[in-house]
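Below you'll find the structure, written out as C-alpha cells, and then a few comments.
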Amino acid sequence: MTGMPVDESPLAHAAARVGDRWSLLLVEALLAGPRRFNDLQTAVSGIAPNILSQRLRQLEKEGVVTSSPYSRRPLRLSYELTGEGRELAGALQLLAAWGARRAGSDETARHAACGTPLEHRLYCPTCARVVQEPDESGIRFV
C-alpha cells in the first residue's frame with residue numbers, strides 16, 4: 001500500500017498537490033529558472049499578491065518549489081523548482097497542448113527541423129514500444 005487512501009487515485013493525489021490554476025501557472029513560470037516574487041507576479045498575469053504568497057508557500061510545503069533569500073533586510077526570496085517540480089514539465093506540456101487544441105490555438109510544441117507539431121506518446125522502455133491505445137495495452141495509471 002502506498003499510503004494514499006484506497007479511494008484516492010494518483011491523479012487526485014497530484015491535483016491535491018498542484019492542481020489549481022495558479023499553482024500550475026507558477027510552476028510553468030519557474031520552468032525557465034529561479035524568479036523573484038515580483039517577477040512571478042509579472043509572469044503570472046492576474047494573480048493577486050496574497051494568492052501568489054499562499055501558492056508559493058503551498059508549493060514549497062509540497063516540495064515542488066524551494067526558496068532562498070537574496071536580501072536579508074528586508075527579507076526577500078527567490079523561488080525555483082525542485083527536481084520534483086521540474087518533473088512536472090512533461091505533464092504541463094501535455095496539458096498545454098490539449099488546451100491549445102481545444103482553443104484552436106497553434107501554440108503547440110513543434111519540431112525545429114520541419115515545423116511539424118509534435119505528438120506526445122506513451123512509451124514502454126521495457127518493451128521498446130510506443131503504446132497506441134490505453135484500452136488495448138492494459139495501461140493502468142497507478
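The values are calculated or read from the model by the stated rules, or taken from the named source; none is laboratory data. In this text, all values refer to a predicted model and were calculated from it rather than measured experimentally. Glycine also receives a Cβ, built like all others from the backbone with ideal geometry; neighbour counts cover every protein chain displayed. Areas reflect the complete protein model, heavy atoms only, side chains present, ligands, DNA and RNA absent. Shrake-Rupley method; radii C 1.70, N 1.55, O 1.52, S 1.80 Å.
Leaving out ligands, DNA and RNA, and with a 1.4 Å probe, what % of the accessible surface on the chain is carbon or sulfur? Carbon and sulfur: 53 percent of the exposed surface of the chain.
Helix content alone sets the calculated 222 nm mean residue ellipticity of the chain: runs of n ≥ 4 DSSP H residues at -39500 (n - 2.57) each, divided across all residues, give -12000 deg cm²/dmol. With P(r) over Cα pairs in 5 Å bins from 0, in percent in mind, check (i) 2, 10, 18, 22, 20, 15, 8, 3, 1; (ii) 2, 8, 14, 16, 18, 16, 12, 8, 5, 2, 1, 0; (iii) 2, 10, 19, 20, 18, 11, 5, 4, 4, 3, 2, 1, 1, 0 and report the label derived from this structure. Read-out taken from this structure: (ii). Projected label points at Trp98 and Arg36, each 7 Å from Cα along the beta carbon direction, are separated by 3.7 nanometres. Taking every C-alpha pair closer than 8 Å and separated by at least 6 residues, the mean separation divided by the residue count of segment 1-127 gives a relative contact order of 19 percent.
Overall form of segment 51-122: prolate. Here a/c, set by the Cα gyration tensor axes a ≥ b ≥ c, is 1.5 or more, and a/b is the larger of a/b and b/c.
Per residue, segment 35-96 exposes 64 Å² of solvent-accessible protein surface, assessed with a 1.4 angstrom probe and all protein chains in place. Specify the residue with the greatest mean-square fluctuation among Arg17, Arg101, Arg57, computed from a Gaussian network of the chain linking alpha-carbon atoms under 10 Å apart. Among Arg17, Arg101, Arg57, the largest GNM mean-square fluctuation belongs to Arg101. Label point 7 Å out from Ser105 along Cα-to-Cβ: which residues of segment 27-47 have amide N under 20 Å? 27-33, 40-47, by backbone N distance to the label point. Under a 5 Å amide H cut-off, with hydrogens placed 1.01 Å from N, Arg76 pairs with Tyr70, Ser71 among residues at least 5 apart or on other chains.
For Arg129 and Ala16, a Förster radius of 35 Å and the Cβ-Cβ distance give a FRET efficiency of 0.60, rounded to the nearest 0.05. Among 35-44, 66-75, the peptide with the highest mean count of other Cβ atoms within 10 Å heads the list, and the full ranking is 35-44, 66-75. Remark on Ala109: its backbone amide H falls under 5 Å from those of Leu118, a criterion applied only to residues 5 or more positions apart or on other chains, H modelled at 1.01 Å from N.
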